[in-house]
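Shown next, in structure tokens, is the structure this report addresses.
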Amino acid sequence: MLNSYDELNEMQIDVLREIGNIGAGNAATSLAEMLDEMVQITVPVVKITGFDEAIKALGGAECMTVGVLVNFSGEANGMIMFLLNTKDAIRITDILVSQDGEEEGQLNDLKLSAIKEIGNILSASYINSISTLTGLSINLSIPYIAIDMAGALMSVPIIEFGSLGDSVMFIEEGFIGQKNDLKSHIIMFAEIDTLKIIMERLGL
């Protein structure tokens, strides 16, 4: 009986990695459309890791980060966080949002709205991969965006899911475009009952 992330066996972890790989491929396609250029995705690093290790991979607890949080519910429940350090967030929004010189290199409301939309699209890519593989009906909330230190942003899922164990699904992706490249992170938290359903649907 699965009671926490820490009890996942290697085969179950491999399934989660494959879901992450499929979601990453869909995410790269969506990002390429938004940036209007070809984007190649590096092989995503998908792992089950501890909260502390995830925070370190984000650049440390004090690293200023833009986070987009999307909750999912229905036949599967949990949350997804799309995370970019502020430098990468500025670089990608300078491409997406054409503004005069004094606005370049800054995160204003228009650029934050663009990041929110990116987070929403990428979160949907991962949830759709789960839905396609399992047949589960899953709904997404509106996206919420915040700029804060990585440790502060991660405190939200830690409070919400910490009782399920200290491990999370952590996906690091590198997107390489013709003119730009950036690194993003997706952190996915699913309730234990959701993990059980996913594994059952996939015959594990």
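Readers should treat all values here as calculations from the given coordinates under stated rules, not as data from a laboratory. Note that the structure is a prediction, hence the values are computed from the model and not measured.
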**Report entry** In sequence order, calculated HN-Hα J values of segment 47-53 (Karplus, 6.51, -1.76, 1.60; Hz; x Gly/Pro)
**Finding:** 8, 8, 9, x, 4, 4, 5
Report task. Name the residues whose placed amide hydrogens come within less than 5 Å of the amide hydrogen of Leu136, ignoring near sequence neighbours (fewer than 5 apart) on the same chain. Result -> none
**Report entry** Cross-link reach list, lysines versus Lys183, counting only Cα pairs under 18 Å and skipping chain neighbours closer than eight places
**Finding:** Lys47, Lys56, Lys87, Lys111, Lys116
